[in-house]
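Student: This is the structure I want to talk about, given as structure tokens.
Taken together, the values in this text are just the output of simple stated rules run on the coordinates, not laboratory data. Being a predicted model, the structure only gives us computed values, none of them experimental. Cβ: placed from backbone, ideal geometry, glycine included. Neighbour counts: every protein chain shown.
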Amino acid sequence: MVAKLHSLLSRALAALALCLPVVAAAQDPERELVPEQRQPLAFVSPTGFAPLGSRMVYAAFHAVHGQELWITDGSAAGTRMLKDIRPGFRGAFPAWQTAFRGRVYFTATDGASGLELWRTDGTAAGTVQVADLRPGAEGSMPGELTVFGDALYFVAADGRGGFQLWKTQGDAKSTTPVTAIAGGRAVVRQLTVAGRRMFFTATTPEHGHELWVTEGTPATTRMVKDIRPGTQDGAVQGLVAMGDAVYFAASDGARGLELWRSDGTAEGTRIVRDLRPGEGASRPAHLVALGGRLYFAADDGVHGIELWATDGTESGTQLVKDIHVGPGGSVSSPVVAMQGALYFSATDGATGAELWRSDGTAAGTVLVKDLQPGTASGSPARFAVIGRQLWFSATDGASGVEPWTSDGTAAGTRQVADLAAGTRDAVPLGFRGLGASVLFVADDGNGNERLWRSGPDGRVTLLGVPLRARLR
């Protein structure tokens, strides 16, 4: 989580650098802003979309206001800054936007308090701080906001207990700590809900980085198992729920990073299969559950990185298909599930990295479409499932990296728009459904990450004023 916060702050500082002329203008009344920088809709770098009824809440940078909270209904008229939480060009740095009980919760600073937990009902008056857990400028830096049962859980540091697990029902009174692991010396992260329990990882001086679980109270919070006994890390990562259990990658020290499963008990926490026996690591990644089986990419040392499946047993853990025959490996992207099938980027050696589909069988693992024909790669990535459509970024070689969509057939796989004309890359990401439309972020061809809307008629429009050049 600390790395995530550092990333957010780095992104904020980078965006602030783009706004230096505006900052200078604010300090020098004789320096005039260009008209487009004055426009209320001249925002860039929208991130963290969270639904709020028929609207979407997100964070974005504006040359005058810095990074603040914004809201849109998918139209230009309905897109606006929700509240200038920290007036001036420095911005409030909202992050971790998460929908809960008809509101959106997030982390922000108003300048008087540091980064703390806030909420909004979609109005300026209803955008308020929930609690000031660490009074003063440093802030408790809440993150990992996760809905579990009847509460919103998050990780925060109040100055007394490290990064611990907290929960809230939306007000200061109900905002309470759940854990005080290792006397306040722990770092909690990777909150993952599985049935009636929430799994997470915690790093402590006594046990290193290991798997923990809670049912939402201090009494039910415990370390599940010291997978790698002693102070060294079990390197637990990539938690994914399937039913009441979680699957993840970990190492017990005798074996490398392999696939594990846990039902929340020490006895029920075990390695699924040592795909690369000995100290070698198969490094399972891109875990996704579909139809009672877990799929993942791993390298057994023989086939390279390929698609595997498991039912949770050693004998039921098998290679789905050696797409790129031999040790070269094929899978090069996260794997997503849509309409009973898996989609991912892979190469068979004849084509580059292209869009593939699998029903979990070797025969049903096939190339959907060679987006950039030949050995060059279409490089599909940033997958999002919206309704019955797969949205992603890719290139056909004639255009740069642009938005694409697919229904799982070659005929139904197409480029949506060429936003950065020619071979320039728009690099779309963050696809989210809003009613019958799809919102996403992409470069406008001038180096600005902007918000776009693909409507039900297929037309793609910019939400915000056009910018003639990159904001500098």
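Student: Taking the stretch 198-222 as the search range and keeping residues that are assigned to a helix (DSSP H, G or I) and of a type outside the set (S, T, N, Q), which one is farthest from residue 180 (Cα to Cα)?
Tutor: Residues of the stretch 198-222 that are assigned to a helix (DSSP H, G or I), as a first pass: 218-220.
Then keep just the ones that are of a type outside the set (S, T, N, Q); that gives 218-219.
Values: 218: 8, 219: 11 Å.
For the stretch 198-222, the residue satisfying everything is 219.
Student: Of all residues being surrounded by fewer than 19 Cβ atoms within 10 Å (Cβ to Cβ) and β-branched (Val, Ile, Thr) in the stretch 289-314, which is farthest from residue 214 (Cα to Cα)? Just the residue, please.
Tutor: Of everything passing the filter in the stretch 289-314, 302 is farthest from residue 214 (Cα to Cα).
Student: Follow-up question, since we're still on this one. Count, please, the residues in the stretch 332-351 that happen to be touching an Asp or Glu at 6+ places or on another chain (Cβ under 8 Å) and outside any strand (DSSP E or B).
Tutor: Looking only at that region, the number is 3.
Conditions tested, residue by residue: (1) crowded, with 19+ Cβ neighbours inside 10 Å; (2) in a strand (DSSP E or B).
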residue: 224; (1), (2): yes, yes
residue: 230; (1), (2): no, no
residue: 234; (1), (2): yes, no
residue: 238; (1), (2): yes, yes
residue: 246; (1), (2): yes, yes
residue: 249; (1), (2): yes, yes
residue: 253; (1), (2): no, no
residue: 256; (1), (2): yes, no
residue: 259; (1), (2): yes, yes
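Student: Has the stretch 203-213 got any residue that is crowded, with 17+ Cβ neighbours inside 10 Å, among the charged types (D, E, K, R) and more than 24 Å from residue 114 (Cα to Cα)?
Tutor: Yes, there is a match, as at least one residue in the stretch 203-213 is crowded, with 17+ Cβ neighbours inside 10 Å, among the charged types (D, E, K, R) and more than 24 Å from residue 114 (Cα to Cα).
Student: Residue under question is residue 131, and the condition is that it be of a type in the set (A, V, I, L, M, F, W, C), buried (at least 16 other Cβ atoms within 10 Å of the Cβ) and over 23 Å from the mean Cα position of the chain (by Cα); does it hold?
Tutor: So residue 131 fits the description; yes.
Student: Those residues that are in contact (Cβ under 8 Å) with a residue 40 or more places away in the chain and more than 27 Å from residue 150 (Cβ to Cβ), I need them from the stretch 237-267; list them, please.
Tutor: 237, 238, 259, 261, 266 - these are the residues of the stretch 237-267 that are in contact (Cβ under 8 Å) with a residue 40 or more places away in the chain and more than 27 Å from residue 150 (Cβ to Cβ).
Student: Also, quick follow-up: On the basis of being in contact (Cβ under 8 Å) with a residue 40 or more places away in the chain, surrounded by fewer than 19 Cβ atoms within 10 Å (Cβ to Cβ) and basic (Lys, Arg), does residue 357 make the cut?
Tutor: Spelling it out, it is not the case that residue 357 is in contact (Cβ under 8 Å) with a residue 40 or more places away in the chain, surrounded by fewer than 19 Cβ atoms within 10 Å (Cβ to Cβ) and basic (Lys, Arg).
Student: Can you find, within the stretch 179-193, the residue that is farthest from residue 105 (Cα to Cα) among those that are aliphatic (A, V, I, L, M) and surrounded by fewer than 21 Cβ atoms within 10 Å (Cβ to Cβ)?
Tutor: 182
Student: Within the stretch 261-286, restricting attention to residues that are in a loop (DSSP other than H, G, I, E, B) and within 23 Å of the chain's Cα centre (by Cα), which residue is surrounded by the most Cβ atoms within 10 Å (Cβ to Cβ)?
Tutor: Once the filter is applied, the top-ranked residue is 284.
Student: Pull out all pairs, ordered by first then second residue, where Cβ-Cβ is under 6 Å, the residues are six or more apart or on different chains, the first lies in the stretch 165-179 and is closer than 16 Å to residue 191 by Cβ, and the second is of a type in the set (Ser, Thr, Tyr) and outside any strand (DSSP E or B).
Tutor: 165/179; 168/174; 168/175; 179/221
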